[in-house]
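Structure, as structure tokens:
The values are calculated or read from the model by the stated rules, or taken from the named source; none is laboratory data. All figures in this text were calculated on a predicted structure; none of them were measured in a lab. Please note: Cβ atoms are built from the backbone with ideal geometry, for glycine as well, and neighbour counts cover all protein chains shown.
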Amino acid sequence: MTQIIKNILGNLTSMLLALVLAVMIWVAAVRASNPLETKDFQLNVRTIKQPDAVIMNTPVNQVQIRVEAPKNTLDTLKATDFDLFIDLNGAGFGRTELPVQVAYPSDIELDPSKIQIFPSTIEVELDQLVTVELPVRVKIQGNPAEAHAVGGSSADPDKVSVTGPATRINVLKEAKATVFLDNTRETRVVTRPLVFYDQQDNAVTLNSDKIDISDTQATVTVDIQEREGFADVSIRVRWKGRIAPGYRFLAAVPNPRTVTVQGPPDVVKTLRSIPTEEIDLTGLNTSDIFRVALDLPENITVQETTPIVVEVEIEQIMTTDVFVATPTVIGLGEELSATVAITQVNVVLFGPLETLNTIENDDVRVDIPLFGFTEGEYNVEPVVSPPPLDGIEVRSFQPDLITVVISSTITETISDTENITPTEGAAEGYYFRTVPQEKFTTIPDVPVSFAILPHRYGRRLV
């Protein structure tokens, strides 16, 4: 019995050993046909953010992974099968190392221990995301004009919200909009950029993409008021005399246009303008500048010490007038005559009125140029020349084309010594004339001793 048990155990051991050897041989055969290999992928890393945190540094956003798997599996893998990320949830503020995690579809059979990531961690600097509301204040530089004062100022909006990292935002104190005054006399309304200041009144630059500002500009109003007993009043120019004939008065402009006056408040309040002394414009024919004094009421003084000048603007009166000119033929060839269809041309001249009044019709020249023209009828554009006076020019003329008939002035005369013989059969108004043969060569070698000529070339014979 003991021997039987020993035999069974011996056979079982042999069977187990054979099974192990068979499995090993099968695994070796499988591996030989589908060996283990590695494959590298370059992948981007996404970030899962905390809602109340902001990343202050620029973390590494691309890593390399190395996957070891059977060749058949690797052949089907693509970079898009993997999702690499770092999770900021639960990470504290400040600098920290976060592991790079990898995810892939569950139907891909991979051994997680066979996936390597380079680098395996990424350094991230986190800060708390906060929002603060800062007051907007108006900063005034410069001064208003003399006898004026700043009555107050305001900004719209009067508050601004700033969102960003706590280390940058919590140090802020306020935002300011700066307005510059340079002898300003009236209330100013301007749009100005906002500049942010910290608790030590140092200007802070907030141009990071991690900071969001609700408003970067503000509309600022600075109220400028006159002090009691002072007022800005306009200057009223007075003049006398008549300017030269043929000229037009355009304007008399004072510089400055207003002055600041001082005096009893009840008197100052009633002032609307201050007149100048009279300027004599008699015979003036050009623009000019006059230095003038002001005719001030009693107990009223002027604050400015700058001289007051008046620029008087005058110009010539420019107009048009119509002149009737007689056309003249020029350039007609010898033994030609011209018959002009019209005898008058209306010419419109433009220029100073005073100069136009001195021009007569005969001073305007209208030429009909016929250079190179032969017999016939033509429409010719005349050449109009105004008198050589300053500022005079031709604006138009009518008619702009003139009909001209050109004819010859040559008339053939038949002498009494020529052989002229009336012959029966010649038409009324025609006659026979004997012509030497050498003068008639129209048909060669044909003797011709006479020609029939129309009556207009000689005397009519009956």
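Observations
- For Phe373, the conditions (1) in a loop (DSSP other than H, G, I, E, B); (2) at pLDDT below 60; (3) aromatic (Phe, Trp, Tyr) are fulfilled apart from (2).
- Residue within the stretch 312-327 that is loosely packed, with under 14 Cβ neighbours inside 10 Å, touching a helix residue (DSSP H, G or I) at 6+ places or on another chain (Cβ under 8 Å), modelled with pLDDT of 90 or more and of a type in the set (A, V, I, L, M, F, W, C) present: yes
- The listed residue being in a strand (DSSP E or B), among the β-branched types (Val, Ile, Thr), touching a residue at least 60 places away in the same chain (Cβ under 8 Å) and farther than 30 Å from Asn299 by Cβ, out of Thr219, Thr260: Thr219
- Total residues in the stretch 32-71, condition in a loop (DSSP other than H, G, I, E, B) and of a type in the set (S, T, N, Q): 5
- Arg168 over 30 Å from Ile86 (Cβ atoms) and among the charged types (D, E, K, R): no
- Odd one out for Ile300, checked against (1) touching a Pro at 6+ places or on another chain (Cβ under 9 Å); (2) assigned by TED's automatic domain parsing to the domain that holds Thr355; (3) surrounded by 12 or more Cβ atoms within 10 Å (Cβ to Cβ): (2)
- Test: Pro399 is under 30 Å from Pro352 (Cα atoms) and either modelled with pLDDT under 50 or touching a Gly at 6+ places or on another chain (Cβ under 8 Å) (or both): no
- Among the conditions (1) farther than 26 Å from Ala244 by Cβ; (2) surrounded by 14 or more Cβ atoms within 10 Å (Cβ to Cβ); (3) among the hydroxyl-bearing types (Ser, Thr, Tyr), the only one that Thr276 does not satisfy is (1).
- From Ala103, Ala91, residue being in contact with a strand residue (DSSP E or B) (Cβ under 7 Å, 6 or more places away or on another chain), modelled with pLDDT of 90 or more and among the aliphatic types (A, V, I, L, M): Ala103
- The requirement of being in contact with a Lys or Arg (Cβ under 7 Å, 6 or more places away or on another chain) and under 30 Å from Val195 (Cβ atoms) is not satisfied by Ile235.
- Matching entry among Glu313, Glu277 (being in contact (Cβ under 8 Å) with a residue 60 or more places away in the chain and in contact with a strand residue (DSSP E or B) (Cβ under 7 Å, 6 or more places away or on another chain)): Glu313
- Test: residue in the stretch 103-114 that is in contact (Cβ under 8 Å) with a residue 24 or more places away in the chain, in the same structural domain as Ala69 (by TED's automatic domain parsing), out of contact with any Asp or Glu (no Cβ under 6 Å at 6 or more places or on another chain) and crowded, with 16+ Cβ neighbours inside 10 Å: yes
- Index of the failed condition, Asp182 passing every other in (1) under 36 Å from the mean Cα position of the chain (by Cα); (2) surrounded by 15 or more Cβ atoms within 10 Å (Cβ to Cβ); (3) within 24 Å of Val259 (Cα to Cα): (2)
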